[in-house]
Amino acid sequence: QVQLVESGGGLVQAGGSLRLSCAASGSIFSGNAMGWYRQAPGKQRELVAATRSGGRTDYADSVKGRFTISRDNAKNTVDLQMNNLKPENTGVYYCWVRQLVTDYWGHGTQVTVSS
């Protein structure tokens with residue numbers, strides 16, 4: 001069983017920065033995909049950034065150049081550094097890990113960017 005706990009959300013003005021952190025407990029394979037999704041009000045959950053086997057990273061087009069995902073396999077953590085935040089980045093951010101064929105989710109952390 002995998003448990004994910006997020007931290008680091010909050011309220012920030014446009015142009016500001018936030019860093020989200022996720023700590024995973026349980027058996028996490030270093031090659032598993034881990035990352036962050038966002039769900040804005042009234043919208044579906046969407047991928048923001050992910051790390052995959054071999055160190056490959058994926059980003060949503062809208063955050064490329066502003067967000068950076070990093071992972072520490074020894075600590076089972078994955079962080080998301082978000083710079084130059086925009087109001088459209090507002091939403092609940094969920095930590096995610098795929099273990100074999102099962103997806104695990106954190107409870108989410110709210111990020112609000114004011115204009």
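The number of residues in the stretch 69-83 that are of a type outside the set (A, V, I, L, M), touching a residue at least 40 places away in the same chain (Cβ under 8 Å) and surrounded by 14 or more Cβ atoms within 10 Å (Cβ to Cβ) comes to 6. Might you let me know whether the stretch 54-68 holds any residue that is of a type in the set (Ser, Thr, Tyr), touching a residue at least 40 places away in the same chain (Cβ under 8 Å) and under 20 Å from Leu4 (Cβ atoms)? The answer is no, given that none of the residues of the stretch 54-68 is of a type in the set (Ser, Thr, Tyr), touching a residue at least 40 places away in the same chain (Cβ under 8 Å) and under 20 Å from Leu4 (Cβ atoms). Just to be sure before I move on: is Val97 in contact with a Gly (Cβ under 9 Å, 6 or more places away or on another chain), open to solvent by less than 20 Å² (accessible area, probe 1.4 Å), more than 17 Å from Arg19 (Cβ to Cβ) and in contact (Cβ under 8 Å) with a residue 40 or more places away in the chain in the structure I sent? Taking the combined requirement at face value, the residue satisfies it. Entry remark, the stretch 36-46: residues being of a type in the set (A, V, I, L, M, F, W, C) and either loosely packed, with under 10 Cβ neighbours inside 10 Å or more than 14 Å from Glu88 (Cα to Cα) (or both) number 1 in total. Checked against (1) loosely packed, with under 14 Cβ neighbours inside 10 Å; (2) on the phi < 0 side of the Ramachandran plot; (3) at pLDDT below 95, Ala33 passes all but a single condition, namely (1).
Just checking, does the stretch 51-68 include any residue being open to solvent by 40 Å² or more (accessible area, probe 1.4 Å), acidic (Asp, Glu) and closer than 18 Å to Gln110 by Cα? Looking for residues that are open to solvent by 40 Å² or more (accessible area, probe 1.4 Å), acidic (Asp, Glu) and closer than 18 Å to Gln110 by Cα, one finds none in the stretch 51-68, hence no. Candidates in the stretch 59-77 are the residues that are modelled with pLDDT under 95 and not hydroxyl-bearing (Ser, Thr, Tyr); of these, the one that is farthest from the chain's Cα centre (by Cα) is Ala74.
The values are calculated or read from the model by the stated rules, or taken from the named source; none is laboratory data. For clarity, every value in this text was computed on a predicted model and none was experimentally measured. All Cβ positions, even for glycine, are placed from backbone atoms using ideal geometry, and neighbour counts span all protein chains on display. Accessible surface is based on the protein model in full, side chains and every heavy atom, while ligands, DNA and RNA are left aside. Shrake-Rupley method; radii C 1.70, N 1.55, O 1.52, S 1.80 Å.
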